[in-house]
1. Please arrange SER43, SER140, SER48 by how many other C-beta atoms lie within 10 Å of their C-beta, fewest to most.
2. For region 108-164, evaluate the Debye formula with one uniform point scatterer on each Cα (no solvent term) and list log10 I(q)/I(0) at q = 0.16 Å⁻¹, rounded to two decimals.
3. Which aspartates and glutamates, if any, have their Cα less than 16 Å from the Cα of LYS154, not counting same-chain residues under 8 positions apart?
4. I'd like the projected area of region 73-176, averaged over all directions, using the convex hull of its alpha carbons. Report it in nm² with one decimal.
5. Beyond a 25 Å Cα-Cα separation, which of these cross-linked pairs lie in this structure: LYS49/LYS152; LYS67/LYS146; LYS49/LYS129; LYS67/LYS152; LYS67/LYS104?
6. Let's see if you can work this out: charge +1 on each Lys and Arg Cβ, -1 on each Asp and Glu Cβ, no other charges. What is the dipole magnitude of region 64-176 about its Cα centre, in debye to the nearest 20?
Amino acid sequence: MYTIMKKITKIFLILLFLIPVSLFAQMDCSIFLSNLKPDAPFSMNSLSKGAACVSGHTYELVIPIQKGYQYRIVFYSSPVFNDDVDFQIIDLNTNKTIIKAPGKLPEGSFPTKNGETALQNYFDEKLNKEVHPYFDVLPSTSTNLKIIIDVKEKPDLIKGCVTVVILDRPFEVGNF
């Protein structure tokens, strides 16, 4: 009887480990991207990515951008992260940080304009509505951008999706 209980316990422990791992492996973070419809004049860039992420880890994505295009970069994260995700964009030609934004402001603070945070909506008085933040990049030369995503440490290991949406449009002088 004791050996049967031991075997059942081992099987139970193995299942406890495998079920969450297999669920995470099957997490499809691209579904969010397929449901997005960009506002004109922007088009969805094929470099947009949704990826499964874990709290306490940092992720990097390198994207090529071309002179003659305006890029709009928008970040989203799963609610399980509670917007505790920091974002940074570095121009690899110059090694300069062009965007550095927290996911959210400290408790009790709310963004009042675009770019203060990467994930927390702000109220746009001109549009008279809440707007999700975005970052516009207008490169003077073709370059690569490194996007660094820092998912903050949590007491428990948390798994979720972080999505980087890249929109673009041809740019001409006077078109901005």
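1. SER140, SER43, SER48
2. Debye intensities relative to I(0), on a log10 scale: -0.76.
3. ASP83, ASP84, ASP86
4. Numbers: hull surface 33.0 nm².
The number I arrive at for region 73-176 is 8.3 nm².
5. Numbers: LYS49/LYS152 20 Å; LYS67/LYS146 16 Å; LYS49/LYS129 27 Å; LYS67/LYS152 34 Å; LYS67/LYS104 31 Å.
Too far apart for the 25 Å limit: LYS49/LYS129; LYS67/LYS152; LYS67/LYS104.
6. Numbers: 13 positive and 15 negative charges, 58 e Å.
Using Cβ point charges on Lys, Arg, Asp and Glu, region 64-176 gives about 280 debye.
Since every read-out is calculated from the coordinates, none of them should be taken as a lab result. Keep in mind that what you see is a predicted model, and the values were worked out from it rather than measured. Using ideal geometry, Cβ is built from the backbone for each residue, glycine included, and neighbour counts are taken over all protein chains shown.
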